[in-house]
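Working notes, structure below.
The values are calculated or read from the model by the stated rules, or taken from the named source; none is laboratory data. Please read all numbers here as calculations on a predicted model, not as lab measurements. Methodologically, a virtual Cβ is constructed for each residue, glycine included, from the backbone with ideal geometry; neighbour enumeration extends over all protein chains shown.
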Amino acid sequence: MIDDIQERSNLTRNQLLFWAGQKLRPSEPLYNMVLCYSIPSRLDTDRLQAAWAKLVASSDALRTVIEEHDGAPMQTVLPRIDHTLEIVKPKDPGGWIRERSQQLFDLNKRLFDGALIRIADESFFIYISNHQIIGDAWACNLIYTRLAELYDDRPAEFPPFRQYLDFERENRGSMRYQKAEAYWKQQLHETVEDMKLYGQAPGATTRGRRLTARLDRERVEKLKAIARSKDVFVGTPDLSLFVLFVSIIFAYLSLISGARRLSLGIMHHNRVTKSFADTIGMFTETLPLRMTIAGDETFRTLIKKVTNGVLDSLKHGQFTTGNPIQNTNYHVSFNYINASLPDFHGAPVSAEWVHTGYQNEILDLHVHQSNSTGDLVLEFDLDSDLFSEKEQREAMRHFALIMDAAATDLDAGVDARIDHALLMNESQKARFAALLSETSFAFESEATA
């Protein structure tokens, strides 16, 4: 069905999957991408609204709407969209943000939203939201960056998303694309069993809750030192940390589910040129990474497998696999983010990725590294219909325990079997419970829906 519609549509294959997913869940904000930027400074609101108007007028992605013609979606760039940046001062800013983040976008009308939330005379949030069919998290940060440049009357570049549309369509006929398609068809030919987390099978609901934890400095330094070691390092510090966390996630999923053959969705930014890196639009691909955990698997051997799997996946990352509801490729996804945000008119800025209370997977894990401080923050989005808040907190502590076990083994050069390191048979449960009670994991904040 998707292949047939794609021939009659001018959407990328990735955009087409977002369109189809929204058609299946028309009353749920599954694809709302929402970020809030905290600015501890006095702002000129008239100047900011003028900068916002220039931003919208300059971005073809923000002026894009989706219309259906004979059942096929077509994207059109409107010559103009009148949208004034709303200025609000709610009594409960957090509640306002949660409620606003769940507002549905009408695909054939405006697909973005923005507001300035006044907390005090020298404290503001810039609220930016868009449907993922026109922009990913990277695009949200670009919107913020371009807004900051326009506010200061600095030059702001707006490469058109149209360039990527032409690139993607031309790429479909290339030998490289055909090789990538063949690779993913081979990879996904073998189905994997539905993963049961703590005995719970995936449900049909999409409600979720986010719990956030900031790793203490000792953990951060140990993990980064391991990522730099010769047995783990691959290419760049960020890619090395990415591989390390993916390996820990596979160990965690195997131990809590009992499954040996696992699948994980890993995020790939897919911005393969400098121009694309500067373009507001939807580029991110989620690649299904399949892994078999051997009976004698150690963290070190698992990292080698994951490294090869990640590199192969990224090599073939230009083909969109999707995650169809009827034949799910993965139930858990992972995203590693290391984004550098410029100051806003000289004021330091921090960003929060807002969870709308809806998600597609049982578990989404996001690891954020602060470019300025080097801190690591973990965000766990867990299905709130399958797991109570208490069970979600326990799941986070289990992850911390497995992460610490991996760090200890790798740091000491120990090759203990993963399934002997922690759990999950009956004789180990008492020991695991004792270890869990001694394992600290500082909860920074939580978002509930």
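Number of residues in segment 93-112 that are outside any helix (DSSP H, G or I) and in contact (Cβ under 8 Å) with a residue 24 or more places away in the chain equals 10. The residue of segment 39-61 that is nearest to Asn130 (Cα to Cα), among those that are surrounded by 15 or more Cβ atoms within 10 Å (Cβ to Cβ) and of a type in the set (D, E, K, R), is Asp60. Here segment 166-183 is the region considered, the condition is being polar (S, T, N, Q) and part of a helix (DSSP H, G or I), and the residue that is farthest from Ser275 (Cα to Cα) is Gln178. Could you say which residue among Gln75, Gln49 is of a type in the set (S, T, N, Q), in contact (Cβ under 8 Å) with a residue 12 or more places away in the chain and in a helix (DSSP H, G or I)? On inspection, the qualifying residue turns out to be Gln49. Being crowded, with 21+ Cβ neighbours inside 10 Å and touching a residue at least 60 places away in the same chain (Cβ under 8 Å) is the requirement here; does Leu378 meet it? No, not satisfied. Hey, does segment 259-281 have a residue that's hydroxyl-bearing (Ser, Thr, Tyr) and more than 21 Å from Phe319 (Cα to Cα)? Looking through segment 259-281, none of the residues is hydroxyl-bearing (Ser, Thr, Tyr) and more than 21 Å from Phe319 (Cα to Cα). Of all the numbered requirements in (1) closer than 18 Å to Met396 by Cα; (2) in a helix (DSSP H, G or I), Thr212 misses one, and that requirement is (2). Residue pairs whose Cβ atoms lie under 9 Å apart, separated by 6 or more positions or on different chains, with the first residue in segment 188-203 and more than 17 Å from Asp364 (Cβ to Cβ) and surrounded by 11 or more Cβ atoms within 10 Å (Cβ to Cβ) and the second of a type in the set (D, E, K, R) and modelled with pLDDT of 80 or more, are Leu188/Arg290; Val192/Arg261; Val192/Arg290; Glu193/Arg261. Checking each residue in segment 118-165 for being of a type in the set (Val, Ile, Thr), surrounded by 22 or more Cβ atoms within 10 Å (Cβ to Cβ) and in a strand (DSSP E or B) picks out Ile126, Ile128.
Of Val34, Val56, all but one fail to be touching a His at 6+ places or on another chain (Cβ under 7 Å), touching a residue at least 24 places away in the same chain (Cβ under 8 Å) and not in a loop (DSSP other than H, G, I, E, B); the exception is Val56. Out of the residues in segment 255-272 meeting the condition of being under 19 Å from Ala137 (Cβ atoms) and out of contact with any strand residue (DSSP E or B) (no Cβ under 9 Å at 6 or more places or on another chain), tell me which one is surrounded by the most Cβ atoms within 10 Å (Cβ to Cβ). Top of the filtered list is Arg271.
Taking helices (runs of 4 or more DSSP H) as the structural unit, those lying wholly within segment 234-315 and holding at least 3 residues that are among the hydrophobic types (A, V, I, L, M, F, W, C) correspond to 237-257, 299-315.
The condition of being under 30 Å from Thr145 (Cα atoms), modelled with pLDDT under 90, in contact with a strand residue (DSSP E or B) (Cβ under 7 Å, 6 or more places away or on another chain) and of a type outside the set (Asp, Glu) holds for Gly317.
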